[in-house]
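Since the structure comes first, as structure tokens, the remarks are kept for the end.
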Amino acid sequence: MTQENQQNPNNQPPAPYGSGQYPPNYYNAPYPQDDEIDLRELFGIIWDGKWIIIAITFVFAGASVIYSLSLPNIYKAEATLAPTEEAQGQGFGEEMGGLASLAGLSVGNKQVDKVTMAMEILQSRQFIKNFVQKHNILPEVMAVKEWHRASGELVFNQEVYNPKTSEWVRDVEPPKQPEPSSWEYVNVFQNEILLVEKDSETPGLINISVNHQSPVIAHLWVEWLIEDINNHMRQRDIKEAQSSMEYLQKELGETNLSSMQQVFYQLIEKQIQTIMLANVRPEYIFQVLDPAVVPEQRDAPSRALICIIGTFLGGFLSLFVVFIRHLVRTSKSKQPDA
């Protein structure tokens, strides 16, 4: 046994007291329960600041209620559409590609996806601009404050638009004008009013919806949008077919080959069929499977959710204030007196 072990046979650390004395139960003393002490202290801090917590939470809850009640009701009208045979059918280049090549027409080999094209046009800036101008609905897009259920009338924001004189009176800084520009109202229409998307449950179907303060207007605009996009695609195909016919008739008059004349006749016949079908069917690209109806219940805002979130925010903020207050008091109490 070494000299060190002989002096300390129990292999204990040096005694904190003189003459090798240790206090009673020195090694068996339990460690302090810091977690339990902190938890009690935490509840004590919360209890001491209970009136602050109640006051701040009550203020936030009341403010969230007032804010939610100040928001106008938003109604959503929605229709489900399906592509027609014209939209799903093959394009001119697919059906008559060989004949068109013989006739000297340049056509693509890929099928034209008219459904995707129509959806993109429906949400495009030019289409929305023409839609607003055609139906003269700029005040309903940019200046409506709320809708009265009892009277069924719109209430306009008098600081933006005067419905009696039909004048725009909003106060804006140059280069903006009192009357909203197409850039402004198209952005509002795209981001806040119109939604066009493919059905997530049934492939091939399209949902189109309109959000507005008035359920009557929301329903009406859905019907107008469907009608206008069908007319737009119809006129687009008719114009394309007429241009093709003019070219084919010109080429027909310049050739003496009977085989080529037969090709031109078939191509012209195809264009005539396209024009006839476009004029006959009102639902040219989209047919309505589930028409829009006037909604009776609002779609937004979720006032209960706004109040719950506001109350929770107030509660968290009040706890933060109470803890900061406690830390400040504690730090001041620990400072030595001057």
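The values are calculated or read from the model by the stated rules, or taken from the named source; none is laboratory data. Keep in mind that this is a model prediction, so the values were computed, not measured. All Cβ positions, glycine included, derive from the backbone under ideal geometry; neighbour counts span all protein chains shown.
If the Cβ limit is 8 Å and pairs must be 6+ apart or interchain, which residue in segment 55-72 that is touching a residue at least 60 places away in the same chain (Cβ under 8 Å) pairs with which residue that is among the aromatic types (Phe, Trp, Tyr)?
Listed pairs, sorted by first residue: Pro72/Trp147.
Quick check on Trp224: is it closer than 29 Å to Val293 by Cα, not in a loop (DSSP other than H, G, I, E, B) and not basic (Lys, Arg)?
yes
Do we have any residue at all in segment 240-261 that's surrounded by 12 or more Cβ atoms within 10 Å (Cβ to Cβ), within 29 Å of the chain's Cα centre (by Cα) and either outside the structural domain of Gly44 (by TED's automatic domain parsing) or modelled with pLDDT of 85 or more (or both)?
Scanning segment 240-261 turns up no residue that is surrounded by 12 or more Cβ atoms within 10 Å (Cβ to Cβ), within 29 Å of the chain's Cα centre (by Cα) and either outside the structural domain of Gly44 (by TED's automatic domain parsing) or modelled with pLDDT of 85 or more (or both).
Applying the selection to segment 199-221, what residues are part of a strand (DSSP E or B) and under 12 Å from Pro295 (Cβ atoms)?
Listed by number, the residues that qualify are Ser209, Val210, Asn211, His212.
Listed residues Lys129, Lys145; which is under 26 Å from the mean Cα position of the chain (by Cα) and outside any helix (DSSP H, G or I)?
Just a single option satisfies the conditions, and that option is Lys145.
Go through segment 113-163 residue by residue and tally those that are of a type in the set (Val, Ile, Thr) and in contact with a Leu (Cβ under 8 Å, 6 or more places away or on another chain).
Adding up the residues that qualify gives 3.
Evaluate the following for Ala55: is it touching a Ser or Thr at 6+ places or on another chain (Cβ under 6 Å), modelled with pLDDT of 60 or more and more than 21 Å from Leu220 (Cβ to Cβ)?
The answer is no for Ala55.
Mind listing just one residue for me: the one in segment 274-321 that is assigned to a helix (DSSP H, G or I) and under 13 Å from Arg234 (Cα atoms) and, of those, farthest from the chain's Cα centre (by Cα)?
Out of the qualifying residues, it is Met276.
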